[in-house]
Structure formats: C-alpha cells, structure tokens
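Colleague: Quick one: structure below, then a few questions.
Values quoted throughout were computed directly from the atomic coordinates according to the rules given, and no laboratory measurement underlies them. Note that this is a predicted model, so its numbers are computed, not measured. In this analysis, Cβ positions are derived from the backbone assuming ideal geometry, glycine residues included, and neighbour counts consider all displayed protein chains.
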Amino acid sequence: MGIFDVFRKGLQKTRDFVTEGIGKIAANIGIFDEDMLDELEMLLVQADIGAACSIHLMNKVRGHIKQTGDASKEAVVATLRQEMKVILGQAKPLNFQKGRLNILLMVGVNGTGKTTTSGKICARYQAQGYKILLGAADTFRAAAIEQLTVWGERTNTPVIAHQEGSDPAAVVFDAIAAAKSRKADLLILDTAGRLHNKVNLMDELGKIRRIIQREAGEAHVETLLVIDATTGQNAVSQAKVFTDVAEVTSLAITKLDGNAKGGVALAVAYETHTPIALAGLGEKLEDLMDFDPEAFVDSLLPQ
Amino acid sequence: MALFEGLSAKLADITAKMRGKSRVTEQDIKDMMREIRLALLEADVNFTVVKELVAEISDKCRGVEVMESLTPGQQVVKIVHDSLVDILGQTNSKLLVSPSGFTVIMLYGLQGAGKTTTAAKLALMLKKKGKKPMLTSVDVHRPAAARQLDVLAKQIDVPCFIQPEESDAVAIAKRAVDRAKYLLCDTLIVDTAGRMTIDELMMTELKQIGKVVNPTEKLLIVDAMIGQEAVNVALGFDKEIGLDGFIMTKLDGDARGGAALSIRKITGKPIKLICVGEKVDAIEEYYPDRMASRILGMGDVMSLIEKATAHLDEKKAADALDRLKKNQFTLEDMLSQFEEVKKMGSIKDVLAMLPGMGGKAVPDANVDESAIDRSQAIIRSMTIKERQNPGLLNASRRKRIAAGSGTTVQNVNQLIKQFEETQKMMKQFSGMFKGKKMPNLGLGKRGFPF
C-alpha cells in the first residue's frame, strides 16, 4: 500500500463524516449561503479542528467567496483544502542519518502511546539497518520498562534500563554513554507520561533535555511530542507547554484510525506551527507513517 | 485557549455595552450565545449538545431576570452554570453491589484512557471501605499490561490474578472468578484491554468475557481530555455492552472535561467517580456543580474550600485567630501556617482551583514550591525566643540562622520583611475585628487564618 492508501484507510471514518456533512449542507442548491457557511463551520468544529482554527478557515472561505463571487460547493471545498495545506505546511519527517548519533526523545501526556510508538519507530529504523538502543526512562509507570523490553525483544534491540522508581535522568545519562560506546546510530528515549500542568514533572523533563544537551551536544536530537488524536482542544495546550519545556521539534499524532476524527492535527498545527512528523494510522507496525500533509488533506476532504 | 478564558468576563463586556438600554436586544443575546457556544466548544463539549444547550439557555435569558438584573453578564453565567449542573446530574452515584455477595466490576475504555491505573485505585478505595477486592487483567494485547496491574496490586496489597502467558482472555476471566471466590473476596475488578468501539473482534471478546464473569457494574473509563468523539465512544460501548456509569480520569490536567457534559446529556448514565492524579489514592467522588465550574473555566472554589477546611487544624486556626485579634502574630504562627498551606497540596494545585486561573497552572507564574521549605527551614533555625520576638534578630543572629538553615542572610532578611508585612496586615485586620465575636468569614466557624 502506498502512503495515500494508508492515510485514506485510516481516516476513512472522518472522511465519510466530513463529505457527508458537506453534501448534506449543500444538498439543495449546491451553493453556500451565510447560514450554510455557519453550519460548515460547526462541522469543522465537530471534527475536532477547534473553534479558533475553524473560524480562521471559514474566514478564508468567506473572503474567497467575496472576491470571486463563486459560492459553489466545489469552490468552497477547494478553498478549505488549500488553506488546510497552508496550515499543515511542508512535510517534515524525522531527520535521522546513519553514521552519526541520533537521539529521539519521546514526550507526552499519559496514555497517548509513547511506548508503543517508540517500539514501532525502533522496528522501522531497525529494518533500515540502523544500530539502535532503547532507553527506558519511564521509571514511574508500573511495568513500563517491561513493556519497552518486550519491544526490545521483538526487534532484537538492547534496552538500557534501571529499576522502577529510579531517576529517569540517570537512565538517560547511562543510555547516552552506552549509545556512544557502542557507536549506535539511534537512541530512542521513552519517558513517563506527564500532564503538562505538573511543574515538578515538567522540570524533570527539562533536566533530561539538559542532560542530553550536555552529554551529547554533538548528536542530532529530535524531541517528539506524542499526541492522541482522540484528544480534544487540550492538545493545543499540551503542544505549547511541552514545546516550552522540552524544545519539541516535531509531533506524532497517534490513534488517527480509531474513534478520533483527527482534526486535532489541524488545530495543533494552526496554534503552534510545530511540524507533524508521524501519523499513527493503525495498530500494525507499518501503519506508523511519515505524516504527509497532501495525503492527509486528500483523505480528510477529497476534491 | 486564552481567547476563551473567563466566560464571565466576556459576557460582562457585552453587557457593559447594554448599560443605559432599557432592555436586552435580540442582538445582545445573539452575541452572548456566540460566546457561550465557543466557550463550550473549546471545552470539548459535543457539538450537538452545545446546540441544544444554547437554545435552552437563550430561551431562559429572554426571561425577565436578565433584563432587570444589574449585572446581566453574571446573571447569564449563573443561568449557564445552573443548566450545566442540571445536566451533569445526580451527586454521589454509589457503586452497585451485587445482592449475591460477589460483586464484579468491569472496566472498559479506549487505549490509554487509564483503565489499569483506575482499576488499582478502585481496589484501594474499596479496601479502605472494608471490602475484600481482587484485581484481574484480561488484557492479552498490550505488552506487560497484566504486569502493570500486578505491580500496582502489590503496592496496595490487594490480591491480583494474572496469566501473562495465556492468550485467551475469556479463559483468564473464568479462572479469575474461581480464584476470587476461593480467596473469599467479595469484589472482583476486571481490567480489560483498550479498544475502539468500531473494532468488532475486540467487542465480541468483551461480550464473551462479560458472559463468563457476569458483571454487576459495567463502567466506562473516559479520559477528561477526549474531544468531540466522547459521545460516540460512550454510545458505542453502551450499545454493545450496556454501561452502568462512567469514571472520568486525568482531571488533574488542565482539560476542561466537556466530555462529562456530553456523555451525561446523551446517555443519561451517571458519572460515578473521578480520578485526579497518578498516585493510587487519587480517586474522588464526583460533584456536578464543580464539574460545571470547571467546564466554564470558573475555577473550582468549592474544592479549594473543602481542601482548606479538611486540612486546617481547627484548634490551631482558632488559636492563631485569637492571637491575631490580640495582635500577637508571631513567627511561630507563620510557621504553622506554612505547614497548613503545604498540607493542601502543591501551591500550583491550589492556585489552579482559584477562579480566573481556569483550572490551569500558569507556566509563567512559576510558583517556587521550595520557597515554603526554605522559609520553614529559616524559622526552624531560630530559637524559641527569637521566634516570639523577632526584634532580637541582629546581624550576627541572622548570620547564624542563615548558616543553620542552609540559606543566605538575604533569604533571612526577606523572610523577616515578609513577616513584618504580614504582621502589619494582621494589625489592620485585628482593628476590624475589635469588639466583635469570632468573625465569620463565610466558611462557617472555621476562619481562614490567612
């Protein structure tokens, strides 16, 4: 399956919802009047795109109608598609290269799928011939270390771990030392889930980030914020706070295939301008894809 | 997000423009309803629910009260708040107990909602109430899920039945029931694997497990951060297995938790408990009025007051107030106040409950939690005499105190200045109280000493 197919399959539910909705709104006359535009705005909100981003999109649509006088369904959809692509920006996948130390720091609130995503990323780069190390820096959640160890066994990757309840910063320190001495290409650090309004936990993350800077200043570091697509508008404040504390470089949106509508990807991109690198479109290994704005918009709102 | 902070402030803006007008116009109401609609949507309340709710509220607002009120903005907020409380429903829905004497509680939810942690919290809560619970995990999908439950069970010293090698969830469930009965447990809590409602295979597995364990209470675990899909998730599970109620998790975050409103309105089933932290005892009863305030971003004043009254030592507070009246506030009183404040939890948590903070800790405000520790250390490094008479504190004493508390003389000076200012404030207060009985600060007989 190509990229587009995976996106189309994962986002099928949302696509049906959006296209059906637009079809219904414009069913009678095929052009949009002000009330129908209001309804369209609400449809966007229902897809978790968020009020602010939805209002922005609809302002663009209204502006376009004013300019061209074309209020046909085709024109409205075309404007929406174009503006969505503007919000999402260029594709910006994780930038790892063999032959140097790459460090991937996984962060996020509880239950978004950090450990699972760590495992999948590990499998993906393993297949590309990277020499990988996993660092189990989630020392808080019961059995998180074991969960990562299972992924380590599946992918035949060594896992650097301490005891449960130990200092995660120490794990990170050791993992970096191990990665250097074993000349690993990629070190994946799985951290504990933390709600972004907990200062102590966020400080802990800041400390981890500083240790990476100090111990592996020459390495290429990416901080990946994992966001559950089922999340509502809280995702925006997650992205903002984590970016402040841990210098998030890209986002991964997981569980896009599930019960989620997936619009939260747009909401977050609109409010934070942090690029989305990965999309979780299913439970299988190969369902973790590089995020492709074109494919995403096409799957969400086909022409 | 900040755009929608403080619905009351927004509405006040609108109504300010109405001053001098004899009546609220249709346009005013329309403007207000737009703000309410946005506030609710930003709180992740389901769109359909918002639409109905706004229609109801706008009807009520056309009523007389709003127009005659001096502060229509406040009045509208009250109407919204009351409407939310109405929907959010009954207080304290108790957990069902099976008449057979063997209660089975089954927990369902999406991946990552917090089922496993909640299972352990529930077990600890029941244990504290004198029940004899057993935990079991029938999650055969997520690696180490069963182990996670086992570790938590050991922490709270509750029996736990797991079979990590077994891949048949139904078989595990069957054995778990036998085991629980053999151990003479009266409650079995079943933690299931996270799943989407659209995954038919997984739903079938759930139903089969249900047949085997015959659950008394079927609870859906809902993440407070969930978006517009909350309704479909709740309806999906309810349709497939028939829910008895909900538990909301991660309410210690800064999500508004609009999902609570959506699922209450759409399913009519009760919210039984809420989870408010990562520790195993962080599970609480659910109060509709507090949830309403949270959704509207009005702060959880009730919880704050309750937390304060629960932790303040009444006698100590009364003593302090007594001395305050006699104008004898000393560093020792200050020390005991620090202790009381610390008992209420982290300053951030307490701050977040104040109205206007919108239930979120402001990152820029950067409350220094260690400041209290430092101040305590400084006072503890003083002699009793010094504490009662800060006038004694000359330069050499201050140097000694700084060395003893591991701080600097500047820190000591700062604290003393802070103390003097507090004392000055107290003097003004005590002037107000003179000749009166114990002042009632609106908190019954327990007054806030600060």
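Colleague: For n ≥ 4 DSSP H runs only, could you compute -39500 (n - 2.57) per run for chain A, divide by its residues and tell me the 222 nm figure to the nearest 500?
Modeller: The per-residue figure over chain A is -16500 deg cm²/dmol.
Colleague: Subtract the Cα-Cα distance of B:LYS131 and B:ASP13 from 0.36 nm times their separation in residues, and report this length gain in nm to one decimal.
Modeller: Extending this stretch completely gives an extra 37.2 nm.
Colleague: For chain A, find the longest principal axis of its Cα atoms and tell me its angle to the long axis of helix A:168-181, 0 to 90°, nearest 10.
Modeller: The angle comes out at about 70 degrees.
Colleague: Further question on the same structure: I need the calculated FRET efficiency for the pair B:LYS174 and A:ASP5, taking r as the beta carbon distance and R₀ as 60 Å, to the nearest 0.05.
Modeller: That gives a FRET efficiency of 0.90.
Colleague: Roughly speaking, what is the stretch gain from B:GLU420 to B:TYR182, that is 0.36 nm per residue apart minus the C-alpha to C-alpha distance, in nm to one decimal?
Modeller: Residue separation times 0.36 nm, minus the Cα-Cα distance, leaves 79.1 nm.
Colleague: Can I ask one more? Compute the FRET efficiency between A:ARG100 and A:GLN163 as 1/(1 + (r/R0)^6), taking r as their Cβ-Cβ distance and R0 = 41 Å, and round to the nearest 0.05.
Modeller: Using R0 = 41 Å, I get an efficiency of 0.85.
Colleague: Just to be sure I understand the curve: with the Debye formula and one point per C-alpha of chain A, what is log10 I(q)/I(0) at q = 0.08, 0.12 Å⁻¹?
Modeller: Values returned for q = 0.08, 0.12 Å⁻¹ are -0.38, -0.76.
Colleague: To the nearest 10 degrees, how steep is helix A:199-215 against the longest Cα principal axis of chain A, on a 0 to 90 scale?
Modeller: 60 degrees
Colleague: Using a Gaussian network model of chain A with C-alpha springs under 10 Å, which one of A:SER54, A:SER181, A:SER237 is most mobile by mean-square fluctuation?
Modeller: Sorting by GNM fluctuation, first place goes to A:SER181.
Colleague: Could you put A:VAL248, B:VAL140 in order, starting from the residue whose Cβ has the fewest other Cβ atoms within 10 Å?
Modeller: With the fewest neighbours first, A:VAL248, B:VAL140 line up as B:VAL140, A:VAL248.
Colleague: Would you look at the GNM of chain A, springs on alpha carbons closer than 10 Å, and say which of A:LYS261, A:LYS24, A:LYS183 moves the most?
Modeller: Looking only at A:LYS261, A:LYS24, A:LYS183, the biggest GNM fluctuation is shown by A:LYS24.
Colleague: With springs connecting C-alpha atoms under 10 Å apart, model chain A as a Gaussian network and identify which of A:ALA239, A:ALA123, A:ALA78 has the largest mean-square fluctuation.
Modeller: Sorting by GNM fluctuation, first place goes to A:ALA78.
Colleague: Simple spin-label model, 7 Å along Cα-to-Cβ: B:ASP82 to B:GLU284 in nm?
Modeller: With each label placed 7 Å out from Cα toward Cβ, I get 2.6 nm.
Colleague: Quick one: compute the contact order of chain A, relative version, from alpha carbon pairs under 8 angstrom and 6+ residues apart, as a percent.
Modeller: 28 percent
Colleague: Mind scanning B:LYS131/B:LYS207; B:LYS127/B:LYS342; A:LYS131/A:LYS180; B:LYS132/B:LYS154; B:LYS121/B:LYS211 and naming the pairs with a C-alpha gap bigger than 18 Å?
Modeller: With Cα atoms farther than 18 Å apart: B:LYS131/B:LYS207; B:LYS127/B:LYS342; B:LYS121/B:LYS211.
Colleague: Using 0.36 nm per residue of separation minus the Cα-Cα distance, give me the extension gain between A:ASP290 and A:THR19 in nm, one decimal.
Modeller: Answer, rounded to one decimal: 95.1 nm.
Colleague: On a 0 to 90° scale, report how tilted helix A:234-246 is relative to the longest principal axis of chain A, with both axes built from alpha carbons and the result rounded to the nearest 10.
Modeller: Approximately 40 degrees, to the nearest 10.
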